[in-house]
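S.K.: Quick one: this structure, given as structure tokens, is what I'll be asking you about.
The values are calculated or read from the model by the stated rules, or taken from the named source; none is laboratory data. Bear in mind the structure is a predicted one, so any value in this text is a computation, not a measurement. Here the Cβ positions follow ideal geometry from the backbone for every residue, glycine too, while neighbour counts run over all protein chains shown.
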Amino acid sequence: MSPTLIVTIVIIFIILFIWSLYNGLVTMATQIAEAWSQIDVQIKRRTDLIPNLVTSVKGYAKHEKTVFEDVTKARTSLMKADTPEKMSKANDALSGALKSLFAVAENYPQLKANENFLQLQNELSDTEDKVAYARQFYNSTVMDYNVKVKVFPNSILAGLFGFQEKPFFQTEEAERKPVKVQF
Amino acid sequence: MNIRKQIHSNIIRSYLFMAIFIAVVIGLGYVFEHAFGYDDSFLGIAVFIALVSSFVSYYFSDSIVLGMSGARPALRNKDFNFFTTAENVSMAAGIPVPKLYVIDDNAMNAFATGRDPKHASICITSGLLEQLDRRELEGVVAHELSHVKNYDIRFMAIVAVLAGTIAYASDIFMRSLWWGRGRDRNDERDTGGIFMIIGIILAILSPIIATLIQLAISRKREYLADASGALITRYPEGLARALEKISRDKTLMKNASNATAHLYIANPFKGRKTGAWFSGLFDTHPPILERIRILRSM
């Protein structure tokens with residue numbers, strides 16, 4: 001094997017490596033964007049269920065004004081949240097307000113027996129899970145991407161192409177305290 | 001061992017067994033060929049038969065198995081927990097939600113089938129849905145979804161082709177002996193003898209060895225599905241509790257057969273709970289207590 005042949009093979013190999021690395025990074029970055037919009041979809045699902053819930057509870061417990069206000073306020077701030085931190089905070093605030101709402105509903109046996117109310121309760125609890133799983137999937141996709149961007153020799157090339165580490169969806173210190181239920 | 005190490009080790013081991021399998025197939029072909037002194041038509045025919053018979057069962061695996069098991073499609077309003085759990089776990093796993101079915105049977109069991117994540121189905125018994133709480137159900141669904149995500153159905157189909165090839169090749173070899181097909185070519189004398197003897201021994205033993213390897217691979221993939229499922233839910237205790245409940249349940253499934261037994265989450269014929277080594281080699285599933293122990297150590 002002549003030296004020229006060897007050098008050519010090595011160069012072809014390097015080109016193929018760079019090509020597949022670039023495409024891999026583009027694919028993963030797109031997957032991360034999709035995972036992020038998934039979180040949005042689940043948050044929207046959550047906010048959409050709230051008006052129905054408030055109406056059905058108001059039908060039995062009109063005078064419990066505070067819980068309704070808290071839930072509505074939390075819902076509005078969740079809909080307005082535009083950064084991960086704000087979204088996370090608002091989501092947890094809503095969960096807290098809902099817990100209080102459901103605790104209050106315990107005092108109204110007719111409400112508790114209402115099919116519609118029960119269905120809404122199940123759906124809302126499910127949307128909490130969905131938001132949590134959407135965030136988990138986003139984080140695990142980001143993790144795979146960050147590893148790919150940081151390992152050697154990818155790190156050199158990734159920098160040249162403009163691919164950077166992306167942040168995880170994290171909760172702030174304050175939110176890690178347990179949620180208080182108010183009667 | 002933590003979850004990711006578990007996953008890694010199970011994947012490596014199942015591929016190792018697969019490599020041993022392929023080596024056995026090639027070795028067998030070599031011995032048979034030299035015993036008779038002609039070309040590899042032996043192995044070629046055996047591979048062909050095994051491929052054709054496996055292909056249909058693999059490609060249509062979901063409709064075949066579901067038809068055999070008497071399953072009905074799951075409905076969101078009727079089976080809310082199952083439906084929403086499957087949606088959530090699919091989202092966490094990053095695969096589309098498979099088709100969902102329920103079998104009306106008091107026994108507690110579940111299975112997954114389908115050639116890839118886009119054509120997959122998951123089936124659960126009504127007994128399981130009634131007796132598990134939501135977190136335990138999540139563990140079970142995550143285990144089944146991991147089978148889909150890890151392409152286990154495809155993997156085991158390939159393993160089945162390999163095992164089938166060995167079985168058919170040994171069969172053809174023995175029949176050729178019986179019908180006295182000797183040397184085909186005048187210039188290939190003297191290749192019988194020792195290869196013939198080895199060939200006969202292998203033809204008798206290798207189907208059993210093939211089955212043992214196939215079962216060993218099946219067990220590793222079960223452990224892998226446990227670990228992958230735990231990585232999806234981040235809560236191995238859910239599946240551990242579900243497996244405990246399943247192992248304590250005395251009811252037997254009405255519609256399981258030997259053909260479908262390996263797909264279920266727990267051996268529908270009530271396999272043993274602890275690991276007695278020799279008879280354990282013939283189980284499609286690892287012992288339940290061992291699975292629970294590993295899940296709790298993650």
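S.K.: Looking at A:GLU34 and the list (1) under 22 Å from A:ASN116 (Cβ atoms); (2) assigned to a helix (DSSP H, G or I), which single condition is not satisfied?
M.R.: For A:GLU34, the exception is condition (1).
S.K.: Residues in the range B:113-145 that are among the β-branched types (Val, Ile, Thr) and in a strand (DSSP E or B): how many?
M.R.: Counting residues in the range B:113-145 that are among the β-branched types (Val, Ile, Thr) and in a strand (DSSP E or B) gives 4.
S.K.: Moving on to the next point. Looking only at the range B:82-103, which residues are within 14 Å of chain A (Cβ to nearest Cβ), in contact with a Ser or Thr (Cβ under 9 Å, 6 or more places away or on another chain) and within 18 Å of B:LEU66 (Cα to Cα)?
M.R.: B:VAL97
S.K.: Answer yes if at least one residue in the range A:93-106 is β-branched (Val, Ile, Thr), surrounded by 13 or more Cβ atoms within 10 Å (Cβ to Cβ), within 14 Å of chain B (Cβ to nearest Cβ) and in a helix (DSSP H, G or I), and no otherwise.
M.R.: Within the range A:93-106, not a single residue is β-branched (Val, Ile, Thr), surrounded by 13 or more Cβ atoms within 10 Å (Cβ to Cβ), within 14 Å of chain B (Cβ to nearest Cβ) and in a helix (DSSP H, G or I).
S.K.: Also: For B:ASN106, all conditions in the list (1) within 14 Å of chain A (Cβ to nearest Cβ); (2) in contact (Cβ under 8 Å) with a residue 40 or more places away in the chain; (3) part of a loop (DSSP other than H, G, I, E, B) hold save one; what is the number of the exception?
M.R.: For B:ASN106, the exception is condition (1).
S.K.: How many residues are among the hydroxyl-bearing types (Ser, Thr, Tyr) and either surrounded by 23 or more Cβ atoms within 10 Å (Cβ to Cβ) or away from chain A (no Cβ under 14 Å) (or both) if we restrict to the range B:234-252?
M.R.: Number of matching residues: 2.
S.K.: Is there a residue in the range A:120-133 that is closer than 30 Å to A:GLN164 by Cβ, within 14 Å of another protein chain (Cβ to nearest Cβ) and among the hydrophobic types (A, V, I, L, M, F, W, C)?
M.R.: yes
S.K.: Here is a check on your reading of the model: is B:SER69 of a type outside the set (Lys, Arg), away from every other protein chain (no Cβ under 14 Å) and more than 22 Å from B:GLU222 (Cβ to Cβ)?
M.R.: no
S.K.: If A:GLN164 meets every condition in (1) out of contact with any Ser or Thr (no Cβ under 8 Å at 6 or more places or on another chain); (2) away from chain B (no Cβ under 14 Å); (3) part of a helix (DSSP H, G or I); (4) at pLDDT 85 or above apart from one, which number is that one?
M.R.: (3)
S.K.: Here is a follow-up. Give the residue, chosen from A:THR83, A:THR72, that is out of contact with any helix residue (DSSP H, G or I) (no Cβ under 9 Å at 6 or more places or on another chain), under 17 Å from A:ILE43 (Cα atoms) and without any contact (Cβ under 8 Å) to a residue 40 or more places away in the chain.
M.R.: Result of the check over A:THR83, A:THR72: A:THR83.
S.K.: Then there's this: Could we say that A:ALA33 is among the small types (Gly, Ala, Ser) and at pLDDT 90 or above here?
M.R.: For A:ALA33, the condition - among the small types (Gly, Ala, Ser) and at pLDDT 90 or above - is met.
S.K.: So, of the residues in the range A:134-161 that are closer than 13 Å to A:GLN42 by Cα and facing chain B (nearest Cβ under 8 Å), which turns out to be nearest to the chain's Cα centre (by Cα)?
M.R.: Restricting to residues being closer than 13 Å to A:GLN42 by Cα and facing chain B (nearest Cβ under 8 Å), the top hit is A:ALA134.
S.K.: May I ask you to list the residues in the range B:196-233 that are over 24 Å from B:SER9 (Cβ atoms) and surrounded by fewer than 20 Cβ atoms within 10 Å (Cβ to Cβ)?
M.R.: Across the range B:196-233, the qualifying residues are B:MET196, B:ILE197, B:ILE198, B:ILE200, B:ILE201, B:ILE204, B:LEU205, B:PRO207, B:ILE208.
S.K.: While we're looking at this one, here's another question. Among the candidates B:MET108, B:MET91, which residue alone is modelled with pLDDT of 85 or more, farther than 22 Å from B:SER63 by Cα and crowded, with 18+ Cβ neighbours inside 10 Å?
M.R.: B:MET91
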